[in-house]
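The values are calculated or read from the model by the stated rules, or taken from the named source; none is laboratory data. Predicted model, so just to flag it, every value in this text is computed and none were measured. Reconstructed Cβ throughout: ideal geometry from the backbone, glycine too, with neighbour counts over all protein chains shown.
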Amino acid sequence: MPTPRIGQRGNKDHQSPVVHNLNAFKAYEMRLKGHSYAEIAKKLDVSVSQANSYIKEGLEVIKEECSEKVEEMRRLELERLDAILLAHWPNRSLPRHADIILKLQERRAKLAGLDIPQTDLNDAATALRDFMGAAAANLGFAPTPTEPEESEESRS
């Protein structure tokens, strides 16, 4: 059996990095255009699983690039907030400047991921309450109402 050349089906382990990256780029581009994995594999003369791997690699590269850009944007925004904070800090005893400083600190905490969004806390509290209610019911305890029930007298 003749030895397959670089880039031919069956010899993917011996592809040059340039050919490999080019195929990964082509596969990702084709997938974005709506081609199936089988079509991509046929066009690139590789297996369907290799076409899938190429596309995953493309997604990973984009994910890394986006992540780097997000971190760079976050760093720049934090630097801007710090500059504004420094400008207002000398006048922090004045109400207007104190208010600006507090707003800057809130924004900074959100950007740095220090604040948990309130909706997440509410969802967690609801999930915990539901779990505890179900556990109490399983143990035979009467559920505790979350809101006081109205009596007959208060309805009239």
Check: If only one of Ala83, Ala134, Ala112 is of a type in the set (Gly, Ala, Ser) and touching a Leu at 6+ places or on another chain (Cβ under 9 Å), which one is it?
Finding: Ala112
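Residue under question is Ser93, and the condition is that it be at pLDDT 90 or above and of a type in the set (Ser, Thr, Tyr); does it hold?
yes
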Margin query: Can you tell me which condition Asp45 does not meet? The list is (1) at negative phi; (2) of a type outside the set (Lys, Arg); (3) exposed (fewer than 15 other Cβ atoms within 10 Å of the Cβ), and all the others hold.
Written below: (1)
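Rundown of residues vs (1) in contact with a His (Cβ under 9 Å, 6 or more places away or on another chain); (2) modelled with pLDDT under 80; (3) part of a helix (DSSP H, G or I), yes/no style:
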position: Glu77; (1), (2), (3): no, no, yes
position: Ala83; (1), (2), (3): no, no, yes
position: His97; (1), (2), (3): yes, no, yes
position: Leu104; (1), (2), (3): yes, no, yes
position: Arg108; (1), (2), (3): no, no, yes
position: Leu121; (1), (2), (3): no, yes, yes
position: Phe131; (1), (2), (3): no, yes, yes
